[in-house]
Amino acid sequence: MKQGQKQVSIWEIFRTFFYVGATGFGGGMAIVSLTERVCVHEKRWLGVDEFMHGLAFGQILGPFSLNTTVFIGYYLRGVVGGVTAGVGFIAPSFCIISLLSWLYFKFHELPQLQSALKGTNPVVIALILVAAIGMTRSKVKGLNDWLLAVLSFAAAAFFNMNALAILVLAGLWSLGRGYYQREHR
C-alpha cells in the first residue's frame, strides 16, 4: 500500500463496482468514464496516471472495462481486491442481461420493443463521445500527443487496426522520439 493511501475494505470495493456495473450503460468507454469519475475523482482511490495505465493494460487483453475494474481492485487490495471488483462489476450485468434475454425471447415480436431498442443507439454514441472528450482534455497536451491521438484514431477507424497494434506502434514511436531527443540535445 502506498504511503498516505487509506485502506479500502473489500466490501467497499464490491459495493462500488456493483454500483458501476449496475449504472454503467453504453459499452466500454461509457463505463470506463463512469469508473474514472467514481474511483479517481470522487473516491480518490488512484490518480489519473494510474487509471490511464490500468486502462491501457485493460485494452490489450479484451473486455477493457472489466479489465480496468480488476486493475483498480488489484491496485487497492491485491488479488482479492481484483477478484472482488470483477465479481461486483459483473454481478448486476449478469442478472440484468439474464432478465432482459428472457423478456426479449418472450416478447421480441412486439413493435414497441423493436422501436425502443432502436432509440438507444444515439444515447450510446453520445456517452462514448463524452468519455472520449473528457479523456482527451486530461491527457492530450501538445502537438505530439495530438498527432498520436489523430493517427491512432485514423488507424482504428479507417484501417481497422486493432488496439494492441496501435499501442505497440505508439510505444515504439514514443521510445524513438525520446531516444532522438536525448541524442540531439
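The values are calculated or read from the model by the stated rules, or taken from the named source; none is laboratory data. What you see is a predicted model; the values in this text were computed from it and never measured. Please note: Cβ atoms are built from the backbone with ideal geometry, for glycine as well, and neighbour counts cover all protein chains shown. Ligands, DNA and RNA are excluded from the accessible area calculation, which covers all protein heavy atoms including side chains. Shrake-Rupley method; radii C 1.70, N 1.55, O 1.52, S 1.80 Å.
Within the set A163, A157, the sole residue that is on the phi < 0 side of the Ramachandran plot and either surrounded by 10 or more Cβ atoms within 10 Å (Cβ to Cβ) or of a type in the set (K, R) (or both) turns out to be A163. Could you list, in sequence order, the residues of region 1-26 that are of a type in the set (D, E, K, R), at pLDDT 70 or above and either touching a helix residue (DSSP H, G or I) at 6+ places or on another chain (Cβ under 6 Å) or open to solvent by 50 Å² or more (accessible area, probe 1.4 Å) (or both)? Selection gives R15 alone. Does region 56-76 contain any residue that is more than 21 Å from V140 (Cβ to Cβ), among the aliphatic types (A, V, I, L, M) and without any contact (Cβ under 8 Å) to a residue 12 or more places away in the chain? Yes, because at least one residue in region 56-76 is more than 21 Å from V140 (Cβ to Cβ), among the aliphatic types (A, V, I, L, M) and without any contact (Cβ under 8 Å) to a residue 12 or more places away in the chain. On the basis of being polar (S, T, N, Q) and over 18 Å from S174 (Cβ atoms), does N144 make the cut? When the stated conditions are applied, N144 does not pass them. In summary, L147 fulfils each of the numbered conditions (1) modelled with pLDDT of 85 or more; (2) over 24 Å from the mean Cα position of the chain (by Cα); (3) of a type in the set (A, V, I, L, M) with the single exception of condition (2).
For region 96-117, the count of residues that are polar (S, T, N, Q) and within 28 Å of N162 (Cα to Cα) is zero.
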